[in-house]
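Structure first, then comments.
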Amino acid sequence: MKHLLTDFDWNAAELKALLQQAATLKAHPADYAQALAGKSVALLFEKPSLRTRVTFELGAQQLGALVVYLDQSHGALGKREPVGDFAQNLSCWVNAIVARTYSQATLDELAAKGSVPVINALSDRFHPCQGLADMLSLYEVFGKLEGVKLAYVGDGNNVTHSLMILSKLLGVEMLVVTPKGCEPAADIIQATGIQVTDDMAALEGVDAIYTDTWISMGDDKDPEAVLKTFLPYQINGDVMKKSGAKAFMHCLPAYRGKEVTAEVLEGPQSIVLRQAENRLHVQKAVFLKLLKED
Ligand code: CP
Ligand code: NVA
């Protein structure tokens, strides 16, 4: 049984094929209108979402599948009944479970106890579908992935981890710049060998700069302290100019005046809406890969 729980789940060849499939789906959506006719998918969200929910829901529908949305924002999964029971019941009716959970462990439990593929729609540890859309976006902008220099700046967590693993697998030269104490998880740094520094001067010569919110969903941080720690890491016109970066990236939602200025977010180098659009295409490719093989 194949899942997409972390970015380690698929090898480089599978990832490249997935991105190729996404590009084909983007170019010829009508050819796939019935590709998953007769299939059904459950979407299960413990946290808010705009992009992920809309693109998974529309993506499934555009492939001819049925979708059931389960709002779990009133409480973490496992409160009313064990996560394993939830997974076993859902597996009686649907062909895949898409889940946005606070904890990666919840996703692992859904996969362990259910009997259908589970797709990570963001956890505390990873955001693989975001990372895939970002790789497709980089490919579209730079015409290649191998050797493209991508810098992530800000808080080292879920999105950072996914970008690091995918970069390592796909040949993107990645660099991570975070304040001290906000580095990505040690096991991801070790597994990818990607350089992590607190020095913004390291951005010189990169092709693309990526940032994310300084306060992630589920974080319990003091906003004043966050501002103090992270303000030197804001992406503004000056940072873009000094680095020479051609593209600005953000998974969204963005907080203007915090991790990025409005000038950069809305400026000509910003490819954030391309990233958002590509969520749809890569997730349709993920559905095809996982549901065609079941
Ligand atoms: N980038 C992203 O996952 O956005 P949502 O939280 O709106 O789904
Ligand atoms: N790091 C952010 C990503 C949102 C898409 C969060 O976890 O809230």
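Of note:
- Estimated distance in nm for a label pair at A185 and A17, the labels positioned 7 Å out from Cα along Cα-to-Cβ: 2.7 nm
- Nearest 10 degrees, 0 to 90: helix 272-292 Cα axis against the chain principal axis: 30 degrees
- A Förster distance of 41 Å, applied to the separation of the beta-carbon atoms of F8 and D31, puts the FRET efficiency at 0.85.
- Label-to-label distance for V68 and E140 is 3.3 nm, based on points extended 7 Å past Cα in the beta-carbon direction.
- A simple charge model with +1 on the Cβ of Lys and Arg, -1 on the Cβ of Asp and Glu and nothing else charged puts the dipole of the stretch 1-58 at about 120 debye relative to its Cα centre.
- Rotationally averaged projected area of the chain (alpha carbon convex hull; nm²): 14.4 nm²
- Charge dipole (debye, nearest 20) of the chain; +1 at Cβ of Lys and Arg, -1 at Cβ of Asp and Glu: 640 debye
- The angle between the Cα long axis of helix 12-27 and the longest principal axis of the Cα atoms of the chain comes to about 80 degrees, rounded to the nearest 10.
- Dipole magnitude for the stretch 88-204: about 340 debye, using +1 per Lys or Arg Cβ and -1 per Asp or Glu Cβ, origin at the Cα centre.
- Against the compact-protein benchmark of 2.2 N^0.38 Å, the Cα-based radius of gyration of the stretch 237-294 scales to 1.52.
- Largest GNM mean-square fluctuation among G147, G114, G156, using the chain with Cα springs under 10 Å: G147.
- The residues packed around L5, meaning those with a beta-carbon under 13 Å from its beta-carbon, carry a net charge of -2 if Lys and Arg are +1 and Asp and Glu are -1.
- Among Q72, L25, F56 the positive-end extreme of the charge dipole of the chain (Cβ point charges): L25
- Fraction of alpha-carbon pairs over 18 Å apart in the stretch 63-192 - percent: 61 percent
- Plainly put, the stretch 39-137 has a radius of gyration that is 0.94 times its Kirkwood radius, both from alpha-carbon atoms, as the Rg/Rh ratio.
- Extension gain, A105 back to V54 (0.36 nm per residue minus Cα-Cα distance, nm): 15.9 nm
- Between helix 83-93 and the chain there is an angle of about 60 degrees, using the helix long axis and the longest principal axis of the Cα atoms.
- Candidate lysines - alpha carbon under 26 Å from K246, same-chain residues fewer than 8 apart omitted: K16, K26, K144, K149, K168, K258
- Each peptide in 219-230, 76-87 was scored by the mean count of other Cβ atoms within 10 Å over its residues; highest first, the order is 76-87, 219-230.
- Cα centroid separation, the stretch 229-275 to the stretch 138-208: 15 Å.
- With each label modelled as a point 7 angstrom along the Cα→C-beta vector, the E263-D199 pair spans 2.6 nm.
- Considering only Q195, C251, V286, and ranking their Cα positions along the charge dipole of the stretch 181-294 that arises from unit charges at the beta-carbon of Lys, Arg, Asp and Glu, the one farthest toward the positive end is V286.
Taken together, the values in this text are just the output of simple stated rules run on the coordinates, not laboratory data. Predicted model only: the values in this text are computed from it and were never measured. A quick note on method: Cβ atoms are made from the backbone with ideal geometry, for glycine too, and the neighbour counts reach across all protein chains shown.
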